[in-house]
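K.L.:
Pasting a structure here, questions to come.
The values are calculated or read from the model by the stated rules, or taken from the named source; none is laboratory data. Bear in mind that the values here come from a model prediction, so they are computed numbers and not experimental data. Cβ: placed from backbone, ideal geometry, glycine included. Neighbour counts: every protein chain shown.
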Amino acid sequence: METKHSFNTLVVITPKDFQRLISLYPRLADAIDYGQILFVADPEIEKIIDGSNLKGRVGTVDENSILPFGEVHACMKEKMKNILAGRDLPRGVTGWYYQQFLKMQYSLTCQDEYYMVWDGDTIPCKKISMFQEESGKPYLDMKHEYHAEYFETMGRILPGFGKVIERSFISEHMLFRTDIMRALIADIENNDNIPGQKFWEKIINAIPEDKIQDSAFSEFETYGTYVALKYMNVYKLREWHSFRQGGNFFKIDTICDRDFNWLAKDFEAISLEKGHEVREDNANLFDNPYYQEKLTPKQMLQAAQLEYKEGYKEVWADDKAAAEANTTMGSFNADDVVPESPIKYLSEDTYKIYKELGDSLVSKNDNQAYLCYENAEFLCMDDNERLKLSSLRMGLIEKGGLSVNKTAFIVLSYNNLYFTQRCIESIYTNCNPDSCLLVIFDNGSTDGSQEWLSAWGNEHDEALIILNEENLGFSSGNNAACQYVPEGFDIFYLNNDTRMPANALFWMRMALYSSDDVGGIGALQNYADADQLMEVKFDLPEQYVEFGAENNVPMEKPLEEQSKICGFAMLIREKVYRETGGFDEAFNPGFLEDDDLSLQIRNLGYKLYVCHNSYIYHAGSQSFIKRNDTNEMFQKHRKLIIDKWKFDPSLYAAMSINELEYIKNLEKKGYKKDSTFKLLHIGCGCGNMLGRIHYMYPNAQLYGIEPNEYARKFAISCITAVGSESELPYKLDEFDEVAKDLG
């Protein structure tokens, strides 16, 4: 039995729109009985109510008593002064944002645990229930739409936040928990990177000037995403259906009880938006008793939507469009880490590629041949073929001489449960369970991660779940996790805000076993410094995963030697891990520990490679988004690493923007992949720019001058690095290209 809650429902509206829909508002009062219906508007609305049958049934609130319109309007005018160029700002531009800010601002004076907001042009078709009967949890209702600009603004006001649920929180209403809305406002106001003091000032100032007129903020998407990432156990998700195109088929003055009763079979509400009108070809369809008797409203609307060329379309879970969108069902406690087919973005014949590659590697590199057969077996859906592949793999074992280890995923978890769940899901989907071990070390989370991991671990005893009471920091946490890994496993440090696409781990392992002197492998990502950045841009994480499946395929020469690799996804040979001992814990809680470990590996004489056919999605910036001392921490660790290695790897072991531009210009000059030329880089550091050029132009002769002997010591093996011009085998004018002063 649902516990009775009492709270107000706010309807923010203009007097003109209120007058347009007043005949239908008694239905709103009948359908929502949690407390008072409060119309938030200009005070003149009171006069309209006094002369109607709503008198005594609904209340009003002067919008300016919540938040003065003039203050918001002045902020908008200042933001848009260059665009306005002395012209006046229409109230409607401010109004679109103002009505959202009112809904948020109300929380600061609300005395109830909850309050609901309801769109003024939306009329319920049935009684509205906002709490699940079984659990008593409130509902967050979801639909299907996506607006990139909402999430762009969200990422600025709440750094690191982005779309995490496939569906949309925009459903014409929302039940806010007062304390969560207050926390959201506080987090926005604590973002010192945006001008302003009040949350609404910061939101306005966070939107680029050229997008301020494009409705670039959604209070619903922002609150829903905030809940998803920070309060995932509070709400239950529910699919909500409203007839948003109602104004194209029903007239306000003729829609009747029969229509509402029929609509209630498939819809919770109907929206009668301003500007919609019933065209002649739409008349006498949805409000026709004959059609209502023969068809359901869902069937009618699905048929009508086949003719839509643009505009919003209602989508159900059983629609093809919904399946393609890969919508997520259920509650935010997300017990449903559900692995999918490993060939979701591959063909059923993909395994043959890896079988043939394995055949070609037998006796040339049996370790790699074994990995190919193993991967082919994992991707093969035919039982008979799998047996044949297993026989080939076992034949290599019986032959002897293999030195392939399995892989231990080391995933550090701290207060980002949703990211951890999706990371686990991607590992279980796209990585062969017979070749890896999952080790999750929770670093003292307080957001429910430990409870979820404990329950999940009870169902998955093949994984190692370590729940630590305190936050040890990144270096110490990873080192502690590695203590649980048995012998015979290479170490794969993987951030929990990543998703593993198809074949990403496979190609990293192929790279690690390409030669005995390879110590570590890094992957490409969408969130990185210049060295390992794959410049792709999509709207949703799943699109990056699909892109990864397309990218992670056989390449002729996929490896790029570098002097350091990024710790977001860092595969280390077991022997090398044991020689280094893992991360230097002096770099706790984080920053530059991966640079230091890279230098440790290079100091032992091993090579590091970036694998170009291993792309991994990385959300990025999740660990330190709430800290305000990140720059101070970085500078402290920068001094630490310089004192330790006698040079700054952020300068000498990384590619600058100018160096990347130089590389692009080589292609513009007409150099081809097979071109032969001599290139000198003056001030080459550890040779990272030259490493990229070697990857792109393997026939080029590459030389570098680096006066800093400590940096030069770590120069990559595919180049010749000297300390001065006198040590070069050629004079400067004998080089085809000379790069200098690139910074």
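K.L.:
So which residues in region 474-514 are polar (S, T, N, Q), closer than 20 Å to ASN552 by Cα and either in contact with a strand residue (DSSP E or B) (Cβ under 6 Å, 6 or more places away or on another chain) or surrounded by fewer than 24 Cβ atoms within 10 Å (Cβ to Cβ) (or both), if there are any at all?
P.N.:
THR498, SER514
K.L.:
Another question, then. So the check is Cβ under 7 Å with 6+ separation or different chains; which pairs have a first residue in region 706-721 that's surrounded by 23 or more Cβ atoms within 10 Å (Cβ to Cβ) and a second one that's aromatic (Phe, Trp, Tyr) and part of a loop (DSSP other than H, G, I, E, B)?
P.N.:
ALA711/PHE647
K.L.:
When region 722-743 is examined, which residues are found to be in a loop (DSSP other than H, G, I, E, B), without any contact (Cβ under 8 Å) to a residue 60 or more places away in the chain and among the hydrophobic types (A, V, I, L, M, F, W, C)?
P.N.:
LEU728, PHE735
K.L.:
Taking the residues in region 249-283 that are polar (S, T, N, Q) and touching a Phe, Trp or Tyr at 6+ places or on another chain (Cβ under 9 Å) as candidates, determine which candidate is nearest to LYS143 (Cα to Cα).
P.N.:
SER271
K.L.:
Evaluate region 585-594: report whether one residue or more is polar (S, T, N, Q), under 19 Å from ASP516 (Cα atoms) and at pLDDT below 95.
P.N.:
No: region 585-594 contains no residue that is polar (S, T, N, Q), under 19 Å from ASP516 (Cα atoms) and at pLDDT below 95.
K.L.:
Of the residues TYR34, TYR25, which single one is among the hydroxyl-bearing types (Ser, Thr, Tyr), surrounded by 14 or more Cβ atoms within 10 Å (Cβ to Cβ) and in contact with a Ser or Thr (Cβ under 7 Å, 6 or more places away or on another chain)?
P.N.:
Exactly one of TYR34, TYR25 is among the hydroxyl-bearing types (Ser, Thr, Tyr), surrounded by 14 or more Cβ atoms within 10 Å (Cβ to Cβ) and in contact with a Ser or Thr (Cβ under 7 Å, 6 or more places away or on another chain), namely TYR34.
K.L.:
Of these, LEU28, LEU89, which one is hydrophobic (A, V, I, L, M, F, W, C) and assigned to a loop (DSSP other than H, G, I, E, B)?
P.N.:
The conditions single out LEU89.
K.L.:
Which ones in region 671-689 are surrounded by fewer than 16 Cβ atoms within 10 Å (Cβ to Cβ) and either acidic (Asp, Glu) or within 38 Å of the chain's Cα centre (by Cα) (or both)?
P.N.:
Result: LYS672, LYS673, ASP674.
K.L.:
Quickly run through region 59-84 and pick out the residues that are modelled with pLDDT of 95 or more and part of a loop (DSSP other than H, G, I, E, B).
P.N.:
The answer is LEU67, PRO68.
K.L.:
Inside region 155-171, can you point out the residues that are in contact with a strand residue (DSSP E or B) (Cβ under 6 Å, 6 or more places away or on another chain) and not in a loop (DSSP other than H, G, I, E, B)?
P.N.:
Within region 155-171, just SER168 meets the criteria.
K.L.:
Does region 443-453 include one or more residues that are without any contact (Cβ under 8 Å) to a residue 24 or more places away in the chain, farther than 30 Å from MET394 by Cα and touching a Leu at 6+ places or on another chain (Cβ under 6 Å)?
P.N.:
yes
K.L.:
Is region 364-375 home to any residue that is small (Gly, Ala, Ser) and either in contact with a strand residue (DSSP E or B) (Cβ under 8 Å, 6 or more places away or on another chain) or surrounded by 20 or more Cβ atoms within 10 Å (Cβ to Cβ) (or both)?
P.N.:
Scanning region 364-375 turns up at least one residue that is small (Gly, Ala, Ser) and either in contact with a strand residue (DSSP E or B) (Cβ under 8 Å, 6 or more places away or on another chain) or surrounded by 20 or more Cβ atoms within 10 Å (Cβ to Cβ) (or both).
So that you can scan it fast, the table gives a plain yes or no per residue for (1) in a loop (DSSP other than H, G, I, E, B); (2) at pLDDT 95 or above; (3) buried (at least 20 other Cβ atoms within 10 Å of the Cβ):
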{"residue": "SER331", "(1), (2), (3)": "yes, no, no"}
{"residue": "TYR351", "(1), (2), (3)": "no, yes, yes"}
{"residue": "ASP359", "(1), (2), (3)": "no, yes, no"}
{"residue": "LEU387", "(1), (2), (3)": "no, no, no"}
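K.L.:
The conditions are (1) in contact (Cβ under 8 Å) with a residue 40 or more places away in the chain; (2) outside any loop (DSSP other than H, G, I, E, B), and GLN213 fails exactly one of them. Which is it?
P.N.:
So GLN213 meets the others, but not (2).
K.L.:
For residues in region 133-176 being among the charged types (D, E, K, R) and farther than 25 Å from ASP121 by Cβ, which is nearest to the chain's Cα centre (by Cα)?
P.N.:
Once the filter is applied, the top-ranked residue is LYS163.
K.L.:
Mind listing whichever residues of region 389-418 are assigned to a helix (DSSP H, G or I) and touching an Asp or Glu at 6+ places or on another chain (Cβ under 9 Å)?
P.N.:
Passing the criteria: LEU389, SER390, LEU392, ARG393, LEU396, LYS399, LEU417.
K.L.:
Separate question: Considering region 545-578 alone, what residues qualify as being buried (at least 24 other Cβ atoms within 10 Å of the Cβ) and assigned to a helix (DSSP H, G or I)?
P.N.:
Correct list: VAL545, GLY548.
K.L.:
Inside region 535-575, can you point out the residues that are basic (Lys, Arg) and over 21 Å from MET689 (Cβ atoms)?
P.N.:
Once the filter is applied, which keeps residues that are basic (Lys, Arg) and over 21 Å from MET689 (Cβ atoms), region 535-575 yields LYS537, ARG573, LYS575.
K.L.:
Now a separate question. Quick one: which of TYR139, TYR146 is outside any strand (DSSP E or B) and of a type in the set (Phe, Trp, Tyr)?
P.N.:
TYR146
K.L.:
To continue, here is another question. Residues being touching a Cys at 6+ places or on another chain (Cβ under 8 Å) and either without any contact (Cβ under 8 Å) to a residue 24 or more places away in the chain or assigned by TED's automatic domain parsing to the domain that holds ASN432 (or both): count how many of those fall in region 360-396.
P.N.:
Selection size over region 360-396: 2.
To keep it simple, each residue is scored yes or no on (1) aromatic (Phe, Trp, Tyr); (2) farther than 30 Å from ASN471 by Cα.
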residue: GLN525; (1), (2): no, no
residue: LYS537; (1), (2): no, yes
residue: PHE547; (1), (2): yes, yes
residue: PRO554; (1), (2): no, yes
residue: MET570; (1), (2): no, no
residue: LYS575; (1), (2): no, no
residue: GLY582; (1), (2): no, no
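K.L.:
For region 426-473, which residues satisfy the criterion of being buried (at least 20 other Cβ atoms within 10 Å of the Cβ), of a type in the set (Ser, Thr, Tyr) and in a loop (DSSP other than H, G, I, E, B)?
P.N.:
Passing the criteria: only SER445.
K.L.:
Is there any pair with a first residue in region 590-606 that is outside any helix (DSSP H, G or I) and a second that is of a type in the set (Gly, Ala, Ser) whose Cβ atoms are under 8 Å apart and which are 6 or more apart or on different chains, and what are they?
P.N.:
GLY590/GLY473; GLY590/SER475; GLY590/SER623; LEU592/SER650; LEU604/GLY519; TYR606/GLY519; TYR606/GLY520
K.L.:
Okay, next question. On the basis of being touching an Asp or Glu at 6+ places or on another chain (Cβ under 6 Å), over 21 Å from ALA711 (Cβ atoms) and not basic (Lys, Arg), does PHE547 make the cut?
P.N.:
Criteria not met by PHE547.
K.L.:
Here's a follow-up. Regarding region 3-20, can at least one residue be identified that is of a type in the set (A, V, I, L, M) and in a helix (DSSP H, G or I)?
P.N.:
The answer is no, given that none of the residues of region 3-20 is of a type in the set (A, V, I, L, M) and in a helix (DSSP H, G or I).
K.L.:
Looking only at region 259-281, filter to residues that are more than 26 Å from THR14 (Cβ to Cβ) and touching a helix residue (DSSP H, G or I) at 6+ places or on another chain (Cβ under 7 Å); which one of those is surrounded by the fewest Cβ atoms within 10 Å (Cβ to Cβ)?
P.N.:
Here the answer is LYS265.
K.L.:
Another question, then. Return yes or no: is GLY457 more than 22 Å from GLU574 (Cβ to Cβ), more than 23 Å from the chain's Cα centre (by Cα) and of a type outside the set (Asp, Glu)?
P.N.:
yes
This table checks each residue for (1) small (Gly, Ala, Ser); (2) surrounded by fewer than 20 Cβ atoms within 10 Å (Cβ to Cβ); (3) closer than 24 Å to PHE18 by Cα.
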site: LEU102; (1), (2), (3): no, no, yes
site: TYR106; (1), (2), (3): no, no, yes
site: VAL117; (1), (2), (3): no, no, yes
site: LYS126; (1), (2), (3): no, yes, yes
site: LYS137; (1), (2), (3): no, yes, no
site: GLU145; (1), (2), (3): no, yes, no
site: GLU149; (1), (2), (3): no, yes, no
site: PRO159; (1), (2), (3): no, yes, no
